[in-house]
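**Student:** Here it is, the structure in full.
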Amino acid sequence: MKRFKWLFFSFVFSLVYNGANAQEADKPGASAQEIADKLANPVASLISVPLQNNLNYGIGPFNGSKYTINIQPVVPFKLNENLNLITRFILPVVDQRDITGENTHQFGLSDATVTAFFAPKTKGIILGFGPAFLVPTATDKFLGTEKFGVGPSALVMHQGKGLSVGFIANQIWSVAGNQDRADFNQFYTQIFLSHSYKSGASLGVNAEITQNWEANTTLITLNPSIGAVTKVGKQMVQFAVMPLIPIVGPSSIKPDWGLRAVVAFVFPGS
């Protein structure tokens, strides 16, 4: 399993590194607002490496806390003139306290999620569809499922005049792994609305819904956001911050409050 994890991480790094080098060879010509719009589009042909920091407090009966940094490289591939393949990776690193019991602490990798969107070039409505995979990369049994999973993913959205609205969703079922662990059967969707400005600033809001069919639990958070695209030296970067407002969820998993801060490194190309 350890060898598999290293191979997986090496594969992800290779994709991002080679893709970034390829786009850096082009002349960057996109404005800050155009980049903000592309970052709002999950299937845009744009290499980016967002680092999503999530902090949640007041979780469960022991009033636990959980910090997660999601490393989320996005690498597009042009299949032909009318079709792109957008690969999206989520590699979580977790530090949690008092979640599994009083005075307990776990730190390490959680399971990775890999999504491959086939995105046809369309006018008006933007579409994406493809498989989603759950990869058991967790370094602690309390941080992962010890299961391989697979299922469908989809995106439907519209963009125009700085406005982006749509949803992204996936449903993953476990298909292999440790038989002593519970099966994984989970639906996730994010419904989003954002508006960008010529300066590269953006305002938005999204709702995240996670339905665990095995445990019969639903978790919903509402997340208003503010962001900005700028340059740090020669590197194009987007910064964003948002509160994580829990709306629905059982007390065992619903936090009292949360905060998210995102730093996204962008390689715009031409």
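The values are calculated or read from the model by the stated rules, or taken from the named source; none is laboratory data. All of these numbers come straight from a predicted model, not from anything done at the bench. Every residue, glycine as well, gets a Cβ built from its backbone with ideal geometry; the counts of neighbours run over all protein chains shown.
**Student:** Step by step: first the residues of the range 229-270, then only those that are among the small types (Gly, Ala, Ser), surrounded by fewer than 19 Cβ atoms within 10 Å (Cβ to Cβ) and at pLDDT 95 or above, then the one that is nearest to Asn216 (Cα to Cα). Which residue is that? Talk me through it step by step, then tell me what you get.
**Tutor:** Start the filter on the range 229-270 by keeping residues that are among the small types (Gly, Ala, Ser), which leaves 233, 240, 249, 251-252, 258, 261, 264, 269-270.
Those still in the list that are surrounded by fewer than 19 Cβ atoms within 10 Å (Cβ to Cβ) too: 233, 249, 251-252, 261, 270.
With the extra rule that they be at pLDDT 95 or above, the set shrinks to 249, 261.
Details: Gly249: 11, Ala261: 29 Å.
Out of the qualifying residues, it is Gly249.
**Student:** Quick one: which strands (runs of 3 or more DSSP E) lie wholly within the range 130-218 and hold at least 2 residues that are aromatic (Phe, Trp, Tyr)? Step through it out loud before you land on a result.
**Tutor:** Values: elements: 147-160, 163-177, 185-196, 201-212.
Qualifying strands (runs of 3 or more DSSP E): 163-177, 185-196.
**Student:** Please verify whether Leu39 is among the aliphatic types (A, V, I, L, M), surrounded by fewer than 17 Cβ atoms within 10 Å (Cβ to Cβ) and within 30 Å of Leu127 (Cβ to Cβ), treating the condition exactly as stated. Talk me through it step by step, then tell me what you get.
**Tutor:** Working: among the aliphatic types (A, V, I, L, M): yes; surrounded by fewer than 17 Cβ atoms within 10 Å (Cβ to Cβ): no; within 30 Å of Leu127 (Cβ to Cβ): yes.
Against the criterion (among the aliphatic types (A, V, I, L, M), surrounded by fewer than 17 Cβ atoms within 10 Å (Cβ to Cβ) and within 30 Å of Leu127 (Cβ to Cβ)), Leu39 does not qualify.
**Student:** Looking for something at pLDDT below 95 and surrounded by 14 or more Cβ atoms within 10 Å (Cβ to Cβ) - is there at least one such residue anywhere in the range 212-221?
**Tutor:** Checked against the condition, which is being at pLDDT below 95 and surrounded by 14 or more Cβ atoms within 10 Å (Cβ to Cβ), the range 212-221 yields no hits at all.
**Student:** Can you run down the residue pairs with Cβ atoms below 8 Å, 6 or more apart or on separate chains, where the first is in the range 137-153 and touching a residue at least 40 places away in the same chain (Cβ under 8 Å) and at positive phi and the partner is buried (at least 22 other Cβ atoms within 10 Å of the Cβ) and not in a loop (DSSP other than H, G, I, E, B)?
**Tutor:** Going by the 8 Å Cβ cut-off, there are no qualifying pairs.
**Student:** Working only within the range 59-102, note down all residues that are farther than 19 Å from Val262 by Cβ and surrounded by fewer than 16 Cβ atoms within 10 Å (Cβ to Cβ).
**Tutor:** Scanning the range 59-102 gives Pro61, Phe62, Asn63, Phe77, Lys78, Leu79, Asn80, Glu81, Asn82, Leu83, Gly101, Glu102.
**Student:** Restricting the range 166-216 to residues that are in contact (Cβ under 8 Å) with a residue 60 or more places away in the chain and among the polar types (S, T, N, Q), which is nearest to Phe148 (Cα to Cα)?
**Tutor:** Of the range 166-216, the ones in contact (Cβ under 8 Å) with a residue 60 or more places away in the chain are 168, 192, 194, 196-202, 204.
Okay, now just the ones that are also among the polar types (S, T, N, Q), so 194, 196, 199, 202.
On the way: Ser194: 34, Ser196: 38, Ser199: 43, Ser202: 37 Å.
Ranking the qualifying residues of the range 166-216, first place goes to Ser194.
**Student:** Output the residue which, of all residues in the range 103-128 that are modelled with pLDDT under 95 and more than 23 Å from Gln171 (Cβ to Cβ), is surrounded by the fewest Cβ atoms within 10 Å (Cβ to Cβ).
**Tutor:** Lys123
**Student:** A further question follows. Inside the range 86-129, can you point out the residues that are basic (Lys, Arg), closer than 29 Å to Pro255 by Cβ and either under 18 Å from the mean Cα position of the chain (by Cα) or outside any strand (DSSP E or B) (or both)?
**Tutor:** Going residue by residue through the range 86-129, those that are basic (Lys, Arg) are 88, 97, 121, 123.
Narrowing further to those that are closer than 29 Å to Pro255 by Cβ: 88, 97.
Scanning the range 86-129 gives a single hit, Arg88.
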